[in-house]
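Asker: The structure follows.
The values are calculated or read from the model by the stated rules, or taken from the named source; none is laboratory data. Not measured: the values here are computed from a predicted model. Virtual Cβ from ideal backbone geometry, glycine too; neighbours counted across all protein chains shown. What goes into the accessible areas is simple: the full protein's heavy atoms, side chains included, and nothing from ligands, DNA or RNA. Shrake-Rupley method; radii C 1.70, N 1.55, O 1.52, S 1.80 Å.
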Amino acid sequence: MYPSLLSYNTFRINATCRELHVYDSIDQLVSLLPQLVGQRWLHIGGGSNLLFVTPHFDGIVLHSHIRSIEVVERTSDSVLLRVGAGEDWDAFVAYCVEHGFYGLENLSFIPGQVGASAVQNVGAYGVEAGDHIEAVETIDTETGENRLFSHAECHYAYRSSIFKHEYQGRYVVTHVLYRLSLTFHPVLTHTAVVRILENSGLSPDTADAAALRHAVVEVRRAKLPDPHEVGSAGSFFMNPIVSETQAQQLLSTHPEMPHYPASNGVKVPAGWLIEQCGWKGRTLGRAGVHPMQALVLINLGQATGSEVVQLATAIQNDVKQRFDIALHPEVLYIH
Ligand code: EPU
């Protein structure tokens, strides 16, 4: 009987694997490394950013239960926290808000674990995890040795880091060092969040971190499926970046198209493109497009990974044909 991965992936795909190892210390992780040599293996955090495409992953799965939050340094205006990779992300954000450690409020209610925040560079409402990461503690799976990556070495960019690309599968994150502020400097760039604060009689000057966290949770609840009820991996695709010329062409035919400046072009919301192609709320087999946010693909119940891929591919084809834009999954496909 193979171990089930059902409770290890937020898409709730009923896949199995050859072996599953849950570890709760660095020593345990290191003792598992010899078994990985020459084998297919995969490390999963909260499983909130992957899709098991086939019903069986013929390899070894590792999952971290390293849980701890330590204050390792306190200055007059900041605190340095060392957080176990297996901590639940949102519980960590809640802890920070309660203790007056500021910076992560906008990243409330994102499913997943702390370790994944350092790999994915999770982002929402104008804040990215990497903005607050001072360093990342890892184990090199080839040598079993510790390696500390400084912020600069992590190469953070939109939904990306060195752990997701050059070093994918080489280093396992064990702890993340977050530098947070003792002064509250809210990031209020998203009108949906500001509107909720205003509805509660608060303004950017009067809202505290708990109110901001509450507003972010409300926006996510309104737009995104409840992770406890509906299987999904949040945003399925990354928002594409198109050239200035292509953006101007698109705006001449679709002046209402939302768009944002990006370092290497113009960012266009994938959710808008998918909605324009008529996919919002549509289903294909047991997979569907969330009716409130077209960027989120959902499991309607017992969907297989390949049904989700079929839906994703149909969407990619339509967006390519209609807008000449390639959508790339943010979700990692595991075969
Ligand atoms: N839009 C549509 N139709 C849709 C969805 C969006 O027209 O079905 C439009 C919205 O009206 C808005 C624009 O697209 O003008 C952007 O939408 P939204 O603010 O919902 O954000 P997003 O770009 O779709 C990104 C992140 C989310 C994050 C939000 C808020 C990515 C891939 N996704 O979504 O992250 O919560 O911004 O900052 O960058 C996740 O990664 O799982 C995730 C949920």
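Asker: Going by accessible area, probe 1.4 Å, with all protein chains left in place, what is the ranking of W89, W272, largest first?
Answerer: Descending accessible area places them as W272, W89.
Asker: For K223, tell me the accessible area in Å² from a 1.4 Å probe, rounded to the nearest 10.
Answerer: 90
Asker: Ok, one more. Determine the dipole magnitude for the stretch 204-245: charges of +1 sit on the beta-carbon of Lys and Arg, -1 on that of Asp and Glu, nothing else is charged, the reference point is the Cα centre, and the result goes in debye to the nearest 20. Kindly include the intermediate steps, with their values, before the conclusion.
Answerer: Details: 4 positive and 6 negative charges, 25 e Å.
I would put it at about 120 debye.
Asker: As a test of the formula, what do you get for the chain when each DSSP H run with n ≥ 4 contributes -39,500 (n - 2.57) and the sum is divided by the residue count, at 222 nm and rounded to the nearest 500 deg cm²/dmol? List each step's numbers first, then the result.
Answerer: On the way: 8 runs with 89 residues, N = 335.
That comes out to -8000 deg cm²/dmol.
Asker: For E87, E19, E145, give me the order by solvent-accessible area with a 1.4 Å probe, most accessible first, ignoring ligands, DNA and RNA.
Answerer: The most accessible residue leads, giving E145, E19, E87.
Asker: Given a Förster radius of 45 Å and the C-beta distance between D208 and S150 as r, what FRET efficiency does 1/(1 + (r/R0)^6) yield to the nearest 0.05? Present the calculation step by step, with values, prior to reporting the outcome.
Answerer: Details: r = 32 Å, r/R0 = 0.71.
So the FRET efficiency works out to roughly 0.90.
Asker: If you take every DSSP beta bridge whose two residues both sit in the stretch 20-157, what share of them, in percent to the nearest 5, is antiparallel? Kindly include the intermediate steps, with their values, before the conclusion.
Answerer: Details: 13 of 21 bridges.
DSSP beta bridges in the stretch 20-157 are roughly 60 percent antiparallel.
Asker: How much of the DSSP beta bridge set in the chain is antiparallel, as a percent to the nearest 5?
Answerer: Working: 44 of 58 bridges.
Rounded to the nearest five, the antiparallel share is 75 percent.
Asker: May I ask you to compute the full-extension gain from S200 to E19, defined as 0.36 nm times their residue separation minus their alpha-carbon distance, rounded to one decimal in nm? Please list the in-between numbers first.
Answerer: Working: separation 181, 0.36 × 181 = 65.16 nm, distance 4.95 nm.
Working it through step by step, the gained length comes to 60.2 nm.
Asker: Let me ask something additional. Taking R0 as 30 Å, what's the FRET efficiency between E70 and A222 from their Cβ-Cβ distance, rounded to 0.05?
Answerer: Working: r = 35 Å, r/R0 = 1.17.
For R0 = 30 Å, the calculated efficiency reads 0.30.
Asker: Can you give the relative contact order of the chain as a percent, counting alpha carbon pairs under 8 Å and 6+ residues apart? Could you put the intermediate results ahead of the total?
Answerer: Values: 702 pairs, mean separation 58.1, N = 335.
Once divided by the residue count of the chain, the mean separation gives 17 percent.
Asker: Counting Lys +1, Arg +1, Asp -1, Glu -1, what net charge surrounds A124 among other residues with beta carbon under 14 Å of its beta carbon? Working shown, then result.
Answerer: Details: positive: R159, R213, R220, R221, K223; negative: D90, E105, E128, D131, E218, E330.
For residues surrounding A124, the net value is -1.
Asker: Let me ask another. R40's amide H: which non-local residues (gap 5+, or another chain) put their own amide H closer than 5 Å, with H modeled 1.01 Å from N in plane and none for Pro or chain starts?
Answerer: I60
Asker: Grab the beta carbon distance between L300 and V187, set R0 = 35 Å, and tell me the FRET efficiency rounded to 0.05.
Answerer: Details: r = 35 Å, r/R0 = 0.99.
Once rounded, the FRET efficiency stands at 0.50.
Asker: Multiply the residue gap between A314 and A91 by 0.36 nm, knock off their C-alpha separation, and tell me the result in nm, one decimal place.
Answerer: Values: separation 223, 0.36 × 223 = 80.28 nm, distance 3.62 nm.
That works out to 76.7 nm of additional length.
Asker: For the stretch 19-34, take each phi angle, set θ = phi - 60°, evaluate the Karplus expression 6.51 cos²θ - 1.76 cosθ + 1.60, and give the result in whole Hz per residue in order, putting x for glycine and proline.
Answerer: Running phi through 6.51 cos²θ - 1.76 cosθ + 1.60 with θ = phi - 60° gives 9, 10, 10, 9, 10, 10, 8, 5, 4, 5, 4, 4, 5, 7, 4, x Hz.
Asker: Further, regarding this structure: Please report, in debye to the nearest 20, how large the charge dipole of the stretch 229-335 is about its Cα centre when each Lys and Arg carries +1 at its beta carbon and each Asp and Glu carries -1 there.
Answerer: Once rounded to the nearest 20, the dipole reads 120 debye.
Asker: What number comes out for accessible area per residue over the chain if the probe is 1.4 Å? Units Å², please. Write out the running numbers ahead of the final one.
Answerer: Working: 15330 Å² over 335 residues.
Heavy-atom SASA per residue in the chain reads 46 Å².
Asker: Next up: Would you work out the charge dipole size for the chain about its Cα centre, treating the Cβ of every Lys and Arg as +1 and the Cβ of every Asp and Glu as -1, and quote it to the nearest 20 debye? Write down the numbers at each step before the final one.
Answerer: Details: 22 positive and 34 negative charges, 195 e Å.
Roughly 940 debye for the chain.
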